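These notes are about the structure you will find just below.
Rule-based calculations on the coordinates, nothing more; no lab input. Computed from a prediction, not measured in an experiment: that's the story for all the values here. Counting neighbours? That spans all protein chains shown, and the Cβs are built from the backbone with ideal geometry, glycine included.
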Amino acid sequence: LAAAPALLSAQRFALRGDRAAFHNLAGEVTLEAGSGSEVVVTVTRGGSDADELEVERADVDGADAVRVVYPEGRIVYPRMGGRGQTTVSVGNDDGREGWSWGWGRGRRITIAGSGRGTEAWADARIQVPAGRSVTVNQAVGRVTVTNVDGRLRVKTAAAAVSATGTRGFLDIDVGSGGVTVANAEGELKVDTGSGGVRVSGVRGSSALIDTGSGGVTGGD
């Protein structure tokens with residue numbers, strides 16, 4: 001039997017600025033309603049090479065942010081499946097200034113479901129108090145949003161996003177992956193390069209859905 005992937009102890013960050021952000025390349029992210037005034041980010045690293053990841057707090061484009069820094073050009077993330085693969089560009093050589101998919105400036109990183117490379121990822125739980133503004137940049141891995149009241153921006157390169165019971169502004173930008181939004185109140189924007197969109201129970205001033213390739217279904 002294969003050994004279970006290593007998990008390191010969780011790291012907790014309390015973000016106090018007007019804007020909070022989380023930047024990561026591989027893992028699963030959950031956003032949920034929080035209490036108090038701070039956005040609380042709890043990060044748990046996984047994989048046989050988990051100790052090679054750095055998790056740090058920094059100011060990124062004026063936001064109080066937590067970012068996960070990956071050490072080399074090829075990351076192995078088994079949850080993608082054996083044939084899964086995507087490539088992103090990070091903002092500079094040390095990977096500390098965010099990322100974009102496709103061709104871009106800076107260091108290119110491939111994330112694959114198997115093969116050689118650094119087997120490591122970081123899962124995050126983000127607790128968002130009412131009225132806060134949070135941005136999530138997640139290259140690969142599912143993002144789930146539940147009962148958050150605030151201004152949310154979620155950007156992924158190749159990952160599914162689902163949101164339920166949100167209030168306030170919600171902006172979801174996906175390179176490749178499906179999007180599901182249910183029972184949302186407020187302004188909604190969904191943009192996918194490739195992937196289906198399902199929307200239901202949305203009430204607000206506007207709803208914009210833009211897909212490069214994929215079906216759109218909606219109701220209520």
(request) With both partners inside the range 170-220, how many of the DSSP beta bridges are antiparallel, as a percent to the nearest 5? (result) 0
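How much of the DSSP bridge set in the chain is antiparallel, in percent, rounded to the nearest 5? Walk me through the numbers on the way to the answer.
On the way: 28 of 98 bridges.
Within the chain, antiparallel bridges account for around 30 percent of the total.
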(message) Given bins 5 angstrom wide, list per bin the percent of all Cα-Cα distances in the range 1-89, short to long.
(response) 3, 11, 21, 22, 19, 13, 8, 3, 1, 0
(request) Work out the charge dipole of the chain with +1 on the Cβ of Lys and Arg and -1 on the Cβ of Asp and Glu about the Cα centre, then indicate which of Ala130, Thr156, Gly62 is farthest towards its positive end. (result) Thr156
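What number in nm² do you get for the chain if you take the convex hull of its Cα atoms and divide its surface by four? Before the final figure, lay out each step's value.
Working: hull surface 48.3 nm².
Computing the convex hull of the Cα atoms and averaging its projections yields 12.1 nm².
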(request) From the P(r) of the range 120-220, can you give the percent of Cα pairs sitting at distances over 20 Å? (result) 31
(message) Suppose every Lys and Arg Cβ carries +1 and every Asp and Glu Cβ carries -1, with no other charges. What dipole size does the chain come out with about its Cα centre, to the nearest 20 debye?
(response) 320
